[in-house]
Amino acid sequence: MSDDGELPRISGIGVDLPATLRIAGLVLKRTESPPSLACWTGCFPEPAGGNAAVISLVIEPAAPPEEVTLQLAHDVVSRFDVFVDRAVRYCRTRLRERHFELTSEELSWLDLPELPLAVPEAVVWADQTWAIRFTESRFRLADPYGILVTFNGTQPVDVQGLEDEQ
């Protein structure tokens, strides 16, 4: 913050973008990105012995986030653990579908108390879509960029492995 209490601003394409956003007690900082988009990223407090979960807010074309997008980000931050649990349950069900082509060993993992999905990251886009990406997993489907669970509002609606940098 500057001396007058205002957040410093960074210029984008003809628009001033806030350097930081405060959402539900979490600070998201503007990250380097192509000039056509604006991205802010923050980390949840690290759990004991675990990796910190990350949330990113992405606006394309680059612009300050609208109130409705900030509200969605607030909901995701405030209920992140709930949404991660929903995403895991969704994966447990959907990954049994034949088209995911899991091996018999991978199918057996779906019955384990702890599904091999870790290091969740949330991404909220300006169009009101959002997703949780599990960046680490033993599933072949997760190689090399993880498993993405897309949400419509508060409910997961799709799951996919990320083969390229999407």
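The values are calculated or read from the model by the stated rules, or taken from the named source; none is laboratory data. Fair warning: this is a prediction, and the values are worked out from it, not measured in the lab. We place every Cβ from the backbone using ideal geometry, glycine too, and count neighbours over all the protein chains shown. Heavy atoms of the whole protein, side chains included, go into the accessibility calculation; ligands, DNA and RNA do not. Shrake-Rupley method; radii C 1.70, N 1.55, O 1.52, S 1.80 Å.
Couple of notes before you dig in:
- Qualifying residues in the range 154-166 (those that are out of contact with any strand residue (DSSP E or B) (no Cβ under 6 Å at 6 or more places or on another chain) and at pLDDT below 90) - the one least open to solvent (accessible area, probe 1.4 Å): D164
- Filtered by the rule that a residue be open to solvent by less than 60 Å² (accessible area, probe 1.4 Å) and in a helix (DSSP H, G or I), the range 80-107 gives F80, F83, V84, R86, A87, V88, Y90, C91, R92, R94, F100, E106.
- Being of a type outside the set (F, W, Y), open to solvent by 50 Å² or more (accessible area, probe 1.4 Å), in contact (Cβ under 8 Å) with a residue 12 or more places away in the chain and in contact with a Ser or Thr (Cβ under 8 Å, 6 or more places away or on another chain) holds for only one residue in P61, P116, and it is P61.
- Members of the range 79-100 that are of a type outside the set (D, E) and either under 13 Å from the mean Cα position of the chain (by Cα) or on the phi > 0 side of the Ramachandran plot (or both): R79, F80, F83, V84, A87
- Residue that is modelled with the lowest pLDDT, among those in the range 30-49 that are outside any strand (DSSP E or B) and closer than 24 Å to R79 by Cβ: A48
- Matching residues, the range 119-166, being without any contact (Cβ under 8 Å) to a residue 60 or more places away in the chain, of a type in the set (A, V, I, L, M) and assigned to a strand (DSSP E or B): A131, I132, I147, L148, V157
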